[in-house]
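Here's the structure, in structure tokens; my notes come after.
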Amino acid sequence: MAMSVFGDLVEVVFLLLLLLFLFLFFSVGYDHVFKKKASRLGPPSYPIIGCLVSFYQNRRRLLDWYTELLAESPSQTIVVSRFGALRTVVTANADNVEYVLKTNFRNFPKGKPFTEILGDLLGFGIFNVDGDLWSSQRKLASHEFSTKSLREFVVKVLEEEVEGRLIPLLESAMERNEVLDLQELLRRFAFETICKVSLGVDPCCLDLSRPVPPLVRAFDQASVICAMRGMAPVYAVWKLKRTFNLGSEKKLRESVQMVHSSVMEIIQNKKRKLEEDGGDCCDLLTRLLSAGHDEEVVRDMVISFIMAGRDTTSAAMTWLFWLLSQHPRIESAIVDHVSSLYRTPLDFEGLKDMNFLKACLLESMRLYPPVVWDSKHAAGDDTLPDGTVLREGDRVTYFPYGMGRMETLWGKDRLDFRPDRWLEEPEADGGGPLKTVSPYKYPVFQAGPRVCLGKDMAFIQMKYVVASILRRFEIRPAGSDRPVFVPLLTAHMAGGFKVVVRKRSGISKP
């Protein structure tokens, strides 16, 4: 406890000294010695400290600040120089995104500066490696994700979780007139589902009478601290704390140890079971172990899968439910659309036909993407299509949150929630084929060789949950305040999404 407090004090003292230095530096007439390097292609920047002053001033509204800067730039690209950090190019230009993610893919790996942030937790998992390590895991995972048996297994797990646990919880809240944190409920649901699919184990997260399992708490804490590493104004602070095992870095080490040891125990138990009776499970862990892969490689892979699937779908669904509460006509259209296609039990083919529901999910993620930005690093000198010159080692960040708000990409109604923008010819019931939209204009699932392998599985899960809930219930916010969008590794609503649950009238129970 004392060491944790000391670690936090180190960070506070460091920042206070830095701010005092900056105040004195500018108050004695710094601009008389050096001229500020203001640029229309980025925030005001100074020698040595870069844009640290502007960054600190806008630290509580970084997303909107970056969006405004990008919108003002003629090419929707800005250059950010910050004390203690790499030169960073941030772009909302679809041509640049395509160049980085596809055209010159080999020159833009994730890079050591990025993998170092998540390396303690993800190890050498697929989402945190480059080169041959990434390629071999990608081929393996791509094969497993494309199998019909896994797809059927996912739908089976969803049926068990939704009908057996999620719906009864919502019914109970409705009958008792309780206020429910829908974001927390969906996060627990997503974690439970991804654990069943990836590990073949049931963490019982949706049993609200029991405390949150230690593995869930450890994942939560590790994710938050890793995210704070990436958003730190000065990277040297967290690296210093890690070196001396202080404060948040000490907590991260303990959480990572819990995650790794828990997952390794599950792997060893699964391996013994396979050796004893062969096993007939369809989860990803069984598939990877049956293929003979090393335990540590398998551990890092399944941790990556859990990290990717645990909060992304729950975040997307949370924001969709809030948007629908603000747009009742669109909600009614979804209910009509889903009811016309609904069959019990829901299967893959029935879910695949729910185009209007998918359009609503796409539009929700355009405005509130689960992952607001992603970065690569230039392996060599390069030039982006808009003429931005890159030096070896530069960070290149594409920004889905800002891209969803660019008039050049989405028009003057870019801030409006309009699912029909995704439909070729919207029909009376909200149906119709979906438009083909460039993934480089909408890189919510990445694009190019590293496009998200779990994209189809994510839509299956989200369609299943949203369709099942909306047919039975009306979800309404418990308060009138506009929710706050908070970016961490995965974005979420600050303080959760408190709702009341009501029975939907005019829909017969399946």
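The values are calculated or read from the model by the stated rules, or taken from the named source; none is laboratory data. Remember, it's a predicted structure, so these values are computed and weren't measured experimentally. Positions of Cβ are backbone-derived with ideal geometry, glycine not excepted, and every protein chain shown enters the neighbour counts. Only protein heavy atoms, including side chains, enter the accessible area calculation; ligands, DNA and RNA are left aside. Shrake-Rupley method; radii C 1.70, N 1.55, O 1.52, S 1.80 Å.
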Of the conditions (1) in contact (Cβ under 8 Å) with a residue 40 or more places away in the chain; (2) open to solvent by 50 Å² or more (accessible area, probe 1.4 Å); (3) closer than 22 Å to SER223 by Cα; (4) among the small types (Gly, Ala, Ser), ALA491 satisfies every one except a single condition; which number is it? (2)
Go through (1) modelled with pLDDT under 90; (2) closer than 25 Å to LEU489 by Cα; (3) not aromatic (Phe, Trp, Tyr) for ALA71 and report which single condition fails. (1)
Any hit, the stretch 108-120, residues being farther than 22 Å from GLY393 by Cα and among the aromatic types (Phe, Trp, Tyr): no
Any hit, the stretch 190-205, residues being without any contact (Cβ under 8 Å) to a residue 24 or more places away in the chain, acidic (Asp, Glu) and either buried (at least 16 other Cβ atoms within 10 Å of the Cβ) or under 30 Å from PHE321 (Cβ atoms) (or both): yes
Pairs returned, first residue in the stretch 314-337 that is closer than 21 Å to SER480 by Cβ, second residue that is acidic (Asp, Glu) and part of a helix (DSSP H, G or I), beta-carbon separation under 6 angstrom, 6 or more apart or interchain, are LEU324/GLU331
Can you name every residue in the stretch 108-126 that is more than 19 Å from LYS251 (Cα to Cα) and not β-branched (Val, Ile, Thr)? PHE108, PRO109, LYS110, GLY111, LYS112, PRO113, PHE114, PHE124, GLY125
Consider only pairs whose beta carbons are under 7 Å apart and that are at least six residues apart or on different chains; among these, list those whose first residue lies in the stretch 39-68 and is of a type outside the set (Ser, Thr, Tyr) and whose second residue is assigned to a helix (DSSP H, G or I) and exposed (fewer than 15 other Cβ atoms within 10 Å of the Cβ). ARG40/GLU72
Taking the stretch 285-301 as the region of interest, how many residues are open to solvent by less than 60 Å² (accessible area, probe 1.4 Å) and acidic (Asp, Glu)? 2
State whether the residues of the stretch 446-460 include one that is in a strand (DSSP E or B) and either out of contact with any Lys or Arg (no Cβ under 8 Å at 6 or more places or on another chain) or buried (at least 17 other Cβ atoms within 10 Å of the Cβ) (or both). yes
Please work out which one of (1) out of contact with any Gly (no Cβ under 7 Å at 6 or more places or on another chain); (2) open to solvent by 30 Å² or more (accessible area, probe 1.4 Å) is the condition MET406 fails and give its number. (2)
Residue among GLN257, GLN268 that is touching a residue at least 24 places away in the same chain (Cβ under 8 Å), more than 27 Å from ALA173 (Cβ to Cβ) and open to solvent by 60 Å² or more (accessible area, probe 1.4 Å): GLN268
Determine which single condition GLY292 fails, assuming it passes every other condition in (1) in a helix (DSSP H, G or I); (2) more than 26 Å from the chain's Cα centre (by Cα); (3) not charged (D, E, K, R). (1)
Identify, from the list GLU163, GLU144, the residue that is in a helix (DSSP H, G or I) and either in contact with a Phe, Trp or Tyr (Cβ under 8 Å, 6 or more places away or on another chain) or open to solvent by 60 Å² or more (accessible area, probe 1.4 Å) (or both). GLU163
Could you say which residue among GLN268, GLN257 is part of a helix (DSSP H, G or I) and either within 23 Å of the chain's Cα centre (by Cα) or under 23 Å from MET228 (Cβ atoms) (or both)? GLN257
Quick check: anything in the stretch 462-478 under 13 Å from PRO370 (Cβ atoms) and buried (at least 21 other Cβ atoms within 10 Å of the Cβ)? yes
Taking the stretch 387-403 as the region of interest, how many residues are open to solvent by 50 Å² or more (accessible area, probe 1.4 Å) and acidic (Asp, Glu)? 1
Filtering the stretch 120-131 down to residues that are over 17 Å from the mean Cα position of the chain (by Cα) and surrounded by fewer than 22 Cβ atoms within 10 Å (Cβ to Cβ), which residue is farthest from MET258 (Cα to Cα)? GLY131
Every residue from the stretch 316-374 that is under 23 Å from ARG502 (Cβ atoms), open to solvent by 10 Å² or more (accessible area, probe 1.4 Å), assigned to a helix (DSSP H, G or I) and polar (S, T, N, Q): SER325, GLN326, SER332, SER339, SER340
